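Some notes on the structure that comes next.
The values are calculated or read from the model by the stated rules, or taken from the named source; none is laboratory data. Since this is a predicted model, take the numbers as computed values, not measurements. Cβ sites come from the backbone with ideal geometry, for glycine too, and all protein chains shown count toward neighbours. SASA here: full protein model, heavy atoms, side chains in, ligands and nucleic acids out. Shrake-Rupley method; radii C 1.70, N 1.55, O 1.52, S 1.80 Å.
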Amino acid sequence: MKMPDVLQFGPGGNGPHLVISGAVHGNEKCGTTAIDRLIRCIDDGRIAIISGTLTLIPISNPLAFQLNKRFIDRNLNRNMYPKEHPQAYEDYLDNELCAIFRKASHLLDLHSFTAPGEAFVFLGPPRKSEADFARALGVRNFAHGWQDSYKGKEKSGNPLESQGTTEYTRLSGALAVTLECGSHKDPEAVEVAFQAILNALEYLGLATIDPDLFDPRPVSQGPEQVVRMTDVFYKEDEGRFAKPWKNMDFVKKGELLATFNSGKQIQAPEDGFVIMPVEHEKIGEEWFHFGVKSDFFEKLDPKP
Ligand SMILES: [Zn+2]
């Protein structure tokens, strides 16, 4: 069975242990490309890992990556925990990946999304330490409340459905963030991923980095924007979006978001944002998420 390659660098010891994962979804390749670039930079000496441990998983779902599919049997970024009796291909991957994530002090999980739109970071509970790590990556958009937005709506009926890479990694006390680097096909997503990697290495003091590698442009421009996720809408039936939504598009309360062929409509429950819309998604899958403006950064728990 095809299992992920794992590379490790650094002197170890008591320093931070940063794990960077790419292609948890096999069709999201920007993280893999950025990690490959990082490996070349380490090989040619432009980046030296001088403290702690850096673990790289360039392709977390190798078979799905090879077939350019999101997953083989089930979404690897849901229901993530070690499986005593693995059945699906992704169950076997869980057992490999969870063992790595348990040893991390920090996780940077690199993804991309379908619609056009700006990069953003998924935040966990309101911990200052994790928020500081997330803000160091250099993107300006953030979303939180992923698990809450699922409560009672889990398609599988399993309350662990919303537990993915970061949620699992946090169980052992680590700081873990998902970076959605941009649209799958946008070459800029690779740049976002690579600059975020450099920023993470620098923030954690793991590496000396050739300053020429840092892009003189900021990864994203404009003021920080934080969204609390409130809803997930499944594509229950054939239907269409009211507009070709982009990620993080702002909508007013009551605005028509989508219509099913049955005539049933989905309207914006509040003033808020359309998150990760996938108009031509398969029936039964997540069609889009919804969230509202949040004051997350003003209410952080200072405890580590
Ligand atoms: Zn993804």
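Descriptive notes on the structure:
- As a summary of the residue check, residue 54 satisfies the conditions (1) without any contact (Cβ under 8 Å) to a residue 60 or more places away in the chain; (2) crowded, with 21+ Cβ neighbours inside 10 Å; (3) outside any helix (DSSP H, G or I); (4) not hydroxyl-bearing (Ser, Thr, Tyr) except for the one numbered (1).
- The lone exception for residue 88 - which of (1) away from the ligand (no atom under 16 Å from the Cβ); (2) open to solvent by 10 Å² or more (accessible area, probe 1.4 Å); (3) over 27 Å from residue 280 (Cβ atoms) it fails: (3)
- Test result for residue 250, open to solvent by less than 50 Å² (accessible area, probe 1.4 Å) and either touching a Lys or Arg at 6+ places or on another chain (Cβ under 9 Å) or in a strand (DSSP E or B) (or both): no
- Residue check, residue 215 under 18 Å from residue 32 (Cβ atoms), at pLDDT below 95 and open to solvent by 30 Å² or more (accessible area, probe 1.4 Å): no
- Of all residues in region 107-138, those being open to solvent by less than 10 Å² (accessible area, probe 1.4 Å), over 22 Å from residue 78 (Cα atoms) and either within 14 Å of the ligand (Cβ to nearest atom) or in contact with a strand residue (DSSP E or B) (Cβ under 7 Å, 6 or more places away or on another chain) (or both) number 2.
- Search result, residues across region 68-83 that are buried (at least 21 other Cβ atoms within 10 Å of the Cβ), away from the ligand (no atom under 11 Å from the Cβ) and under 16 Å from residue 176 (Cα atoms): 80
- Scope region 218-245; condition part of a loop (DSSP other than H, G, I, E, B), in contact (Cβ under 8 Å) with a residue 12 or more places away in the chain, of a type outside the set (S, T, N, Q) and surrounded by 14 or more Cβ atoms within 10 Å (Cβ to Cβ); matching residues: 219, 235, 242, 245
- Residue match in region 22-38 (condition: at pLDDT 95 or above, away from the ligand (no atom under 16 Å from the Cβ) and open to solvent by 50 Å² or more (accessible area, probe 1.4 Å)): yes
- Region 160-186 - residue that is of a type in the set (Gly, Ala, Ser) and open to solvent by 10 Å² or more (accessible area, probe 1.4 Å) and, of those, farthest from residue 104 (Cα to Cα): 183
- Against the numbered list (1) away from the ligand (no atom under 13 Å from the Cβ); (2) free of Cβ contacts under 8 Å to residues at least 60 places away in the same chain; (3) surrounded by 20 or more Cβ atoms within 10 Å (Cβ to Cβ), residue 61 comes up short only at (1).
- Near pairs, Cβ below 9 angstrom, 6+ apart or cross-chain, from region 88-115 (in contact (Cβ under 8 Å) with a residue 24 or more places away in the chain and within 30 Å of residue 202 (Cβ to Cβ)) to any residue that is in a helix (DSSP H, G or I) and among the basic types (Lys, Arg): 107/170
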